[in-house]
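Peer 1: Take a look at this one; I'll ask things after.
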Amino acid sequence: MSETFPEIRDSVRRLCAGFPGEYWRRLDTERAYPAEFVAALTKAGFLSVLIPEEYGGSGLGLAAAAAILEEIHRSGCNASACHAQMYTMGTVLRHGNDLQKQMLLPGVAAGSLRLQAFGVTEPTSGTDTTRIRTFARKVGDKYVVNGQKVFISRAEHSDWMVLLVRTTPRDQVKKTTDGLSVLLVDLRQAQGNGLTIKPIRTMINHATTEIFLDDLEVPAENLVGEEGKGFGYILDGMNAERLLIASECVGDARFFIDRASDYAKTREVFGRPIGANQGVQFPIARAYAETRAAALMVDHALELFDAGKPCGTEANMAKLLASEASWHAADTCLQTHGGYGFAEEYDIERKFRETRLYQVAPISTNLILSHVATHALGLPKSF
Ligand SMILES: Cc1cc2nc3c(=O)[nH]c(=O)nc-3n(C[C@H](O)[C@H](O)[C@H](O)COP(=O)(O)OP(=O)(O)OC[C@H]3O[C@@H](n4cnc5c(N)ncnc54)[C@H](O)[C@@H]3O)c2cc1C
C-alpha cells in the first residue's frame, strides 16, 4: 500500500518512538499534559505545516497535516493535546485582518504563541450552535462578554482562544446563523479579569475545561472579520478539523489492527496461535477492510479540500467512516487480547477509551448523518 508523504511520516514515527506507552500511561494516570511531546512536535515544525511560509510556517496543504496526525496516532501516541495548534489559526488566516495575522501567525509558527483553544460549545445549547447564549455587548472600543462555555479543550495550555459569541440576539436577526461573531481572546490577560477556567475530568486525558465569562472586556480590534458573520467563519474551519480528526481515527484504527494482528500471531492457546482461528481472524480482516475504505474517503476529501473545492459532505462522511472504523478496530483489538486487553500495560484500553471520543466530538455521528441526509440526499430537515 503506497503512503502519502513517506518522508514526513518517517520523521513523525521516529519522533514518536521517543514517547512510548509508559510515557502516555503515566500522563493518563496523572491526567497530565504531554508538555514534552508537544514541545518535540513544535520544535520539529510539525504543528506549523499549514501556516504560509510568509508567516514562518511550511505552507503545506491539509493532506500533509493529516499524514502527521495519522502517524502520531498509529504510533500509539495522541495528538489531541496540540492538534488544534495546527488548524485554529485558519480562522485568523482566512478572515483576520493584517494586524491580527501579524500579531498571531508568526508566533504560532515559531511555537512561542499557543492558539489552540476554540470556544464554541455551551451547556444549554449543545450542538444547536445558533442558540449559544454567550453575549458580547459593544461598549466604546471594547466588547463586554458574559456567558459560559463547556468542553473547551486546552484552554489551560493556550495563550489565545478563538471565541464564538452572539452580538445580536437570536430573535432580532433574519437568519438564526446571523448575529454571531468571532473574538480573539488573550487568555493570559483575561484570566482573573472576567474569565475563569475550570478543568473537567473525563474518561480520557484530554485537558478539557469549562470557561466562565463575567464582564470580560475584549478590545474591539480583536473582532475577526465582520460583526455578525462569525458562524460562517467557524464553519469554514470545521471541514479542516473534521478531516484532521478523521486522519487521527485512521491512525488509531491502524494501531489497533497492527496490535491485534501481532498478538493473534503470537498468542498460543489450544496448541496453536489464536489467529489461526477464523473467529479471531475475521473481525481483524473486517476492521482492516473498513479502515482502508475510510482512508480512501479521507484521502478523497483531502484532495477536494486542498484543491479549494467544496467538500463539506465528503469531510463529514470521512469523519463518520473513520471514527466507526477506529471504534470497530478498537473493539476487535480488545477482544483479540482477551483479559490482557484490559491490563493498562498493553495500552489497548487507553487507546480504546481515547478513540471513542470521535463519535461524539467535534461533531456527533447523528449530526453528520443528518447533514448527509439533508445535503446529499435532499431529505427533509428534521430541525
Ligand atoms: C473531550 C471533549 C473535548 C471537546 N472539545 C471541545 C472544544 O475544544 N471546543 C468546543 O467548542 N467543543 C468541544 N467539545 C464539545 C463537543 O463538540 C460536543 O460535546 C459535541 O458537539 C456534542 O455536543 P453536546 O455534548 O452538547 O451534545 P448534545 O448536542 O446535547 O447531543 C447529545 C446527543 O444527542 C444527539 N442529538 C442531538 N440533537 C439531535 C438531533 N436533532 N437528531 C439526532 N440526534 C441528536 C447527538 O448526536 C448526541 O449524541 C468537546 C467535547 C468533548 C467530550
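Peer 1: Restricting attention to the range 100-128, which residues are near the ligand (Cβ under 7 Å from one of its atoms) and closer than 20 Å to residue 222 by Cβ?
Peer 2: If the condition is that a residue be near the ligand (Cβ under 7 Å from one of its atoms) and closer than 20 Å to residue 222 by Cβ, then 117, 118, 119, 120 are the ones that fit.
Peer 1: Considering each residue of the range 200-222, count those that are touching a residue at least 60 places away in the same chain (Cβ under 8 Å) and either within 15 Å of the ligand (Cβ to nearest atom) or among the aromatic types (Phe, Trp, Tyr) (or both), and give that number.
Peer 2: Here is the first cut: in the range 200-222, the residues touching a residue at least 60 places away in the same chain (Cβ under 8 Å) are 201, 203-207, 210-222.
Next, from what is left, pick out any that are either within 15 Å of the ligand (Cβ to nearest atom) or among the aromatic types (Phe, Trp, Tyr) (or both): 201, 203-207, 210-213.
Residues that pass the stated criteria total 10.
Peer 1: While we're on this one: Those residues that are outside any helix (DSSP H, G or I) and within 14 Å of the ligand (Cβ to nearest atom), I need them from the range 307-366; list them, please.
Peer 2: Those that are outside any helix (DSSP H, G or I) and within 14 Å of the ligand (Cβ to nearest atom): 360, 361, 362, 363, 364.
Peer 1: Residue under question is residue 80, and the condition is that it be free of Cβ contacts under 8 Å to residues at least 40 places away in the same chain, among the small types (Gly, Ala, Ser) and outside any helix (DSSP H, G or I); does it hold?
Peer 2: In short, no.
Peer 1: Only one residue in 348, 368 is in contact (Cβ under 8 Å) with a residue 24 or more places away in the chain and in contact with a His (Cβ under 7 Å, 6 or more places away or on another chain). Which one?
Peer 2: Every option except 348 fails the conditions.
Peer 1: Provide a single number: the residues in the range 168-184 that are under 27 Å from residue 33 (Cβ atoms) and either free of Cβ contacts under 8 Å to residues at least 60 places away in the same chain or not aliphatic (A, V, I, L, M) (or both).
Peer 2: Residues in the range 168-184 being under 27 Å from residue 33 (Cβ atoms) and either free of Cβ contacts under 8 Å to residues at least 60 places away in the same chain or not aliphatic (A, V, I, L, M) (or both): 1 in total.
Peer 1: Report, by residue number, each residue of the range 232-287 that is exposed (fewer than 13 other Cβ atoms within 10 Å of the Cβ) and outside any helix (DSSP H, G or I).
Peer 2: Across the range 232-287, the qualifying residues are 268, 269, 270, 271, 272.
Peer 1: I'd like the full set of residues that are among the small types (Gly, Ala, Ser) and either closer than 15 Å to residue 61 by Cα or over 20 Å from the mean Cα position of the chain (by Cα) (or both), limited to the range 84-106.
Peer 2: 90, 96 - these are the residues of the range 84-106 that are among the small types (Gly, Ala, Ser) and either closer than 15 Å to residue 61 by Cα or over 20 Å from the mean Cα position of the chain (by Cα) (or both).
Peer 1: Would you call residue 260 in contact with a Cys (Cβ under 7 Å, 6 or more places away or on another chain) and over 30 Å from residue 49 (Cβ atoms)?
Peer 2: Against the criterion (in contact with a Cys (Cβ under 7 Å, 6 or more places away or on another chain) and over 30 Å from residue 49 (Cβ atoms)), residue 260 qualifies.
Peer 1: Among the numbered criteria (1) surrounded by fewer than 21 Cβ atoms within 10 Å (Cβ to Cβ); (2) touching a Leu at 6+ places or on another chain (Cβ under 7 Å); (3) not hydroxyl-bearing (Ser, Thr, Tyr), which single criterion is violated by residue 220?
Peer 2: Failed condition: (2).
Peer 1: Name the residue, out of 292, 353, 286, that is over 22 Å from the mean Cα position of the chain (by Cα) and among the basic types (Lys, Arg). Full working, then the answer.
Peer 2: Values: 292 fails: over 22 Å from the mean Cα position of the chain (by Cα); 353 fails: over 22 Å from the mean Cα position of the chain (by Cα).
The unique qualifying residue is 286.
Peer 1: Right, something else. Answer yes or no: is there a residue in the range 27-36 that is of a type in the set (S, T, N, Q) and surrounded by fewer than 15 Cβ atoms within 10 Å (Cβ to Cβ).
Peer 2: Yes, some residue in the range 27-36 is of a type in the set (S, T, N, Q) and surrounded by fewer than 15 Cβ atoms within 10 Å (Cβ to Cβ).
Peer 1: Can residue 265 be described as touching a strand residue (DSSP E or B) at 6+ places or on another chain (Cβ under 7 Å) and free of Cβ contacts under 8 Å to residues at least 24 places away in the same chain?
Peer 2: yes
Peer 1: Taking residue 71, is it outside the structural domain of residue 326 (by TED's automatic domain parsing) and either within 16 Å of the ligand (Cβ to nearest atom) or touching a Pro at 6+ places or on another chain (Cβ under 9 Å) (or both)?
Peer 2: no
The values are calculated or read from the model by the stated rules, or taken from the named source; none is laboratory data. A quick note: this is a predicted structure, and the numbers were derived from the prediction, not measured. Quick reminder, even Gly has a Cβ in these numbers, built from the backbone with ideal geometry, and neighbours come from all protein chains shown.
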